[in-house]
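One structure below.
FYI, it's all coordinate maths here, none of it is from the lab. Please read these numbers as outputs of a predicted model, since none were measured by experiment. Backbone-built Cβ (ideal geometry, glycine too); neighbour counts: all protein chains shown.
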Amino acid sequence: MKTDSNKPNPAKSGKPGNKPVHEIRVGGIHVSIWQNDTATGRRFNTTFERVYRDDETWKTSSSFGRDDLMNLSFACAEALRWIIQQREPPATPTRS
C-alpha cells in the first residue's frame, strides 16, 4: 500500500483525529504504536511503514526489501521495549 503526500504520512488507524501514542523511526522505517483501552485494560497495536522519496514526493509502503530488514528488526525490538515499559505495575497488597 502506497500513499503520496508532501511529507511522510504515518500509518492511520481508520478514525479521524486518532493519533499514535508513540512513534519510532529507524532509518527509513516508521513504527506507530496505537493504544486501545478495553474492559480488560490497555492494549497496544503497531503498524510499520517504509518511508521513501520518489523525486520530490514522499511515499510510504508496507513492503520491505532485504536492505530494510535489519532496521525493521531493530524497530520491532524498540516497539516491544516501549510497550513493555507501559505495563501498569501490579497492585501491591495492603496489610491490614
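Tabulated data
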{"read-out": "Residue exposure sequence - Glu78, Glu23 - by fewest surrounding Cβ within 10 Å", "value": "Glu23, Glu78"}
{"read-out": "Label-to-label distance, nm, for residues given as Trp58 and Arg25 (7 Å Cα→Cβ offset)", "value": "0.7"}
{"read-out": "Hz values of 3J(HN,Hα) by residue in region 49-63 - Karplus curve (6.51, -1.76, 1.60), Gly and Pro given as x", "value": "9, 9, 9, 8, 10, 10, 6, 9, 10, 7, 9, 10, 8, 9, 9"}
{"read-out": "Under 5 Å, built H, 5+ apart or other chain: amide partners of Gly28", "value": "none"}
{"read-out": "Placed amide H near His22: partners under 5 Å, 5+ positions off or other chain", "value": "Ile33"}
